[in-house]
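Everything on this sheet refers to the single structure shown next.
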2 protein chains.
Amino acid sequence: MDHNRPLILISNDDGFHYNGIRTLIQVAQRYGDVFVAAPAAHQSGKSSAITLDNPVRAHLVEKREGYTAYEISGTPADCVKLAISQLMADRQPDLVIAGINHGYNMGISSLYSGTMACIYEGIMHGVPSVAFSYGVFTRDADTDACIPLVEQVLQRVLEAGGLPQGVCLNVNIPPISADHPLKGLKVTISDLGRWVNEWEKRTHPMGGDYYWMTGEYEMVDEHDDRTDMYWLRRDYATVTPCHIDQTDHQSLGQIADLLL
Amino acid sequence: MDHNRPLILISNDDGFHYNGIRTLIQVAQRYGDVFVAAPAAHQSGKSSAITLDNPVRAHLVEKREGYTAYEISGTPADCVKLAISQLMADRQPDLVIAGINHGYNMGISSLYSGTMACIYEGIMHGVPSVAFSYGVFTRDADTDACIPLVEQVLQRVLEAGGLPQGVCLNVNIPPISADHPLKGLKVTISDLGRWVNEWEKRTHPMGGDYYWMTGEYEMVDEHDDRTDMYWLRRDYATVTPCHIDQTDHQSLGQIADLLL
């Protein structure tokens, strides 16, 4: 491999055979050598789940100059962990990118995202990391519409030589069409709303109830122009800087007063 | 049900048949009516995973005055979502508690925790929420040793009428024995360290490699006395206030400079 070219690790949560990861591989190859470690099976909604009770297997799909691809039998987090710690042990990645997810990872929903799990693993291993998601969740989503924006972000991050320590980027791109061209890019915060009507109850033909997860999302304030959801609805792409520190530093004193 | 008593929703990630949840049920019944919605199967390491591709089923295990218990076929997050949105539709819980987990949820590892997922769902639904974890991961862990500390925390939270908006509590309790009595309780931050040597590679008797997740945890700074891990090693229980806001607010300006 030409070590002057950056090494880019790519994963996702939709699995190896989706348009989104194909688009991302295609773009990434312009900027560096590419190493793919993607789940063999669809893994949406897996959050940062890891595989503890079962072994994980890695199947080499393709290896040629500047390109290596593995299918992994685990979760998105497993994929990035296994790639960085084992499969890429000879050379660590310079960048982790995830996606392009079929469907947004916006608002509080990003908590459930396997795509976000990939980049959380990236920053835990000290590697600059960016997730891309497109606002069309169908399998045949035309993720090629995202290419100019993906190029813009990758180019800037690589030119800057990385991202601030402990910070990864959650990039969302609205559905793009002739009627809805992309209007620009905004740096945003995640809306902290909630899902309502989360389940639909049905009865099995042989009897017995079961539930499908479904629901509608309620924003905290749909007029808050700091949020990802505000701008995505207005045909802007958004980038939300994220971290993995779950401590609520602001309430440390209040909790001490309450409990001690 | 006597509506003067608080209604306490209990879930976990180990599943219905572990000592930890039995201890928690026993303690909670002193403070209120109890509603259990626990996973039918072991769900450690499931993070905030949700079940999208399969239906979820709820099996009523027991129902008597002041006590209802369901086994749920999904993840820890599914359990709390289904309980609050469907099974408890008549009366919303006043408190969500999770655990007692067999094994710590400390440092960066809490990102992978199904126990933490339970309380994240709680605060998303506007309910004060507390997770308890004990530093012994074996199935036969004697979680009854945690009872005085669990009582102390529940009593204070119920007396205070809740917790600050959007904040939940991650309580960890070190292994307690005659040689290692509990020294006290500290309010802490999560250590933001990393796992190393995360996989062990083995070869199947019929050929072909597979990997087991394993590893050792490296703290950022083992002398940092603000962290959960520092105090747990010194026989103190810890409580870390947590939130679900993944936005890195501090770097918004820096990222705008980089990308726009």
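Every number in this text was worked out from the coordinates using simple rules, so none of it is lab data. Just so you know, these numbers come straight off a predicted model, no measurement behind them. Cβ sites come from the backbone with ideal geometry, for glycine too, and all protein chains shown count toward neighbours.
Across peptide B:198-205, what mean number of C-beta atoms from other chains lies inside 10 Å of a residue's C-beta?
For peptide B:198-205, the averaged partner shielding equals 3.
Treating cross-link reach as a plain straight distance, find the lysines whose alpha-carbon is under 27 Å from the alpha-carbon of A:Lys63, omitting any fewer than eight places away in the same chain.
Excluding near neighbours in sequence, the set is A:Lys81, B:Lys201.
How would you classify the stretch B:1-95 from its alpha-carbon gyration tensor, with a ≥ b ≥ c the square roots of the eigenvalues: rounded for a/c under 1.5, else prolate if a/b is greater than b/c, otherwise oblate?
Prolate shape, in that a/c is at least 1.5 and a/b is the bigger ratio.
Could you derive backbone 3J(HN,Hα) for the stretch B:200-214 from the dihedral phi with the Karplus parameters 6.51, -1.76 and 1.60 (θ = phi - 60°), listing whole Hz in sequence and x where the residue is Gly or Pro?
10, 8, 9, 10, 5, x, 8, x, x, 8, 9, 10, 9, 6, 8
Where a ≥ b ≥ c are the square roots of the eigenvalues of the C-alpha gyration tensor, would you call the stretch B:126-260 rounded, which needs a/c under 1.5, or, failing that, prolate if a/b is larger than b/c, or oblate?
oblate
A:Gly208 label points, 7 Å along Cα→Cβ, one per copy: pairwise distances from this copy to the rest in nm, shortest first?
3.0
Which order do B:Trp212, A:Trp199 fall in if you start with the one that has the fewest other Cβ atoms within 10 Å?
B:Trp212, A:Trp199
Using only atoms on other chains, find how many Cβ atoms lie within 10 Å of each Cβ of peptide A:117-124 and report the average.
Mean partner shielding for this stretch: 3.
Output, in nm with one decimal and in ascending order, the distances from the A:Gly161 label point to the matching label points of the other copies (7 Å from Cα along Cα-to-Cβ).
Distances between equivalent label points, in nm: 5.5.
Mind checking B:184-192 for the average number of partner chain beta-carbons within 10 Å of each residue's beta-carbon?
If you average over the peptide's residues, the count of other-chain Cβ atoms is 4.
If you put a point 7 Å past Cα along the Cβ direction, how far is that point for B:His59 from the same point in each other copy, in nm, smallest first?
Counterpart label points of B:His59 in the remaining copies fall at 3.2 nm.
For chain B, just say rounded, prolate or oblate: build the C-alpha gyration tensor, square-root its eigenvalues into a ≥ b ≥ c, call rounded for a/c under 1.5, and beyond that prolate if a/b exceeds b/c, oblate if not.
Rounded, because the longest to shortest axis ratio a/c is under 1.5.
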